[in-house]
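Here's the structure, in structure tokens; my notes come after.
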Amino acid sequence: MKKITLISAAVSVALLAGCASTPMFSQDSLPTAVQVPAGNVVVLETVGVGKITYECRAKKDASGVEWVFVGPDAVLNDRSGKQIGRYYGPPATWEAADGSKVTGAQVAVSPASPGNIPLQLVKANPATGNGAMVGITFIQRVATKGGVAPASTCDMAATGKKEIVNYRSDYILYKAK
């Protein structure tokens with residue numbers, strides 16, 4: 001019995017030590033445009049891994065054609081790699097494994113390094129369902145990798161053609177203090 005108690009105590013200490021050393025996301029190095037306003041705190045850090053669909057369409061000003069963002073389809077993992085939800089659209093929707101969902105409106109973007117989709121700040125709409133997404137106020141897209149429009153030709157002959165590109169991004173979710 002003492003052996004089990006000592007093992008349990010050692011596991012508890014190791015878990016607490018691991019939590020204490022896990023840094024909470026800091027937005028200090030982010031461009032001001034995509035920083036979340038004061039009065040909000042990080043409640044969930046996720047890693048989105050998936051695909052973005054683009055379609056070759058006519059430009060809004062009718063001056064030609066271009067690759068247009070159609071929507072994402074990604075799994076949301078926690079920092080340990082366990083799937084905890086999905087991100088998809090349109091409209092852009094973050095859905096937790098418990099079924100609660102939140103959509104939002106883009107507030108700002110800021111360029112990322114070449115070849116990566118921009119950093120983004122989204123103001124969340126009220127959540128639907130009960131669970132992890134209730135009370136989310138803002139979502140940041142940071143640490144982006146890939147996801148930019150395809151390099152393949154988008155011309156009049158390709159109008160309507162869809163292409164899918166891989167991407168990865170951290171989604172940081174906030175609630176009001």
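Before moving on, here are some points about what is shown:
- Potential lengthening between R168 and K123 on full extension [0.36 nm per residue; Cα-Cα distance subtracted]: 14.1 nm
- Take 96-105, 148-157 and order them by the average number of nearby Cβ atoms within 10 Å per residue, most first; the result is 96-105, 148-157.
- With a cut-off of 14 Å between beta carbons, the residues surrounding T137 carry a summed charge of +3, where Lys and Arg count +1 and Asp and Glu -1.
- All aspartates and glutamates inside 19 Å of K82 as judged from Cα atoms, apart from same-chain residues fewer than 8 positions distant: E45, D73, E95, D98, D170
- Dipole-positive endmost among V41, Y87, I139 within the chain (Cβ charges, Cα centre): V41
- Pairs beyond 21 Å (Cα-Cα), from K101/K123; K101/K145; K60/K145; K59/K101; K59/K123; K60/K161: K101/K145; K60/K145; K59/K101; K59/K123
- Over the chain: helical MRE at 222 nm, DSSP H runs n ≥ 4 each giving -39500 (n - 2.57), nearest 500: -4000 deg cm²/dmol
- Rounded to 10°, Cα long-axis angle of helix 2-21 versus longest principal axis of the chain: 40
- Projecting the Cα atoms of P31, L76, I52 onto the charge dipole of the chain, computed from C-beta unit charges around the Cα centre, puts L76 farthest toward the positive end.
- Each Lys or Arg adds one and each Asp or Glu takes one away; over the other residues whose Cβ falls under 13 Å from the Cβ of Q27, this sums to -2.
- Dipole magnitude for the chain: about 420 debye, using +1 per Lys or Arg Cβ and -1 per Asp or Glu Cβ, origin at the Cα centre.
Since every read-out is calculated from the coordinates, none of them should be taken as a lab result. This one's a predicted model, so the numbers in the text were calculated from it and none came from an experiment. Neighbour counts run over all protein chains shown; Cβ positions are idealised from the backbone, glycine included.
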